[in-house]
Number of protein chains: 2
Amino acid sequence: MKALIKITLKNGVLDPQGKAIEHALGSLGFSGVNEVRQGKLIELDLEANDAAAAKAEVERMCESLLANTVIENYSVELVS
Amino acid sequence: MKALIKITLKNGVLDPQGKAIEHALGSLGFSGVNEVRQGKLIELDLEANDAAAAKAEVERMCESLLANTVIENYSVELVS
């Protein structure tokens, strides 16, 4: 079973990497981009068979290691 | 219109950051994790109204700036 974790900065948290991408896109001539935010994508390959238990386990991983919950949001999606 | 871009390393490309996460999860007592791969998530806020044109534009952004297509795959998802 695979888990896909999306980690994004919370609203209001400055995102200098996103700003850099925004400016670079502007320099390359891409217009119409209002905002860019960069986050992280983590793919886990799990041995678990029970989807509910696996999701709870992955959420514990996010809380304790993968996401900084002071400034980041995370969402977990299971792909069988 | 928002676009969500998922950028992941191609299969076979070494992912030291993913390996580091894998070891850290093991050290924290999380078992049953076979593999971890880390990618990037980029959220764009676009002015475009035409979904097909916006998707094509975002794919051009990926090819020219956002993804290194030698070692990375990308996928674009539009969220209205």
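The values are calculated or read from the model by the stated rules, or taken from the named source; none is laboratory data. On a predicted model such as this, the values are computed, not experimentally measured, just so you know. As a convention, Cβ positions derive from the backbone with ideal geometry for all residues, glycine included, and neighbour counts pool all protein chains shown. For the accessible areas, the whole protein counts, side chains as well, though only heavy atoms, and no ligand, DNA or RNA atoms are used. Shrake-Rupley method; radii C 1.70, N 1.55, O 1.52, S 1.80 Å.
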Counted residues, region B:12-54 - those being modelled with pLDDT of 95 or more and among the polar types (S, T, N, Q): 4
Residue check for B:K2: within 11 Å of chain A (Cβ to nearest Cβ), under 14 Å from the mean Cα position of the chain (by Cα) and modelled with pLDDT of 95 or more: no
Flag if A:A54 is in contact (Cβ under 8 Å) with a residue 12 or more places away in the chain and within 29 Å of B:E59 (Cα to Cα): no
Matching residues in region A:15-70 - criterion: being open to solvent by 80 Å² or more (accessible area, probe 1.4 Å) and facing chain B (nearest Cβ under 9 Å): A:L28, A:S31, A:E47, A:R60
Of all residues in region A:5-14 being touching a strand residue (DSSP E or B) at 6+ places or on another chain (Cβ under 7 Å) and more than 8 Å from chain B (Cβ to nearest Cβ), the one that is farthest from B:N73 (Cα to Cα): A:K10
Any pair with Cβ under 7 angstrom, 6 or more apart, that starts in region B:10-38 at a residue that is at positive phi and ends at one that is open to solvent by less than 30 Å² (accessible area, probe 1.4 Å): B:G32/A:L46
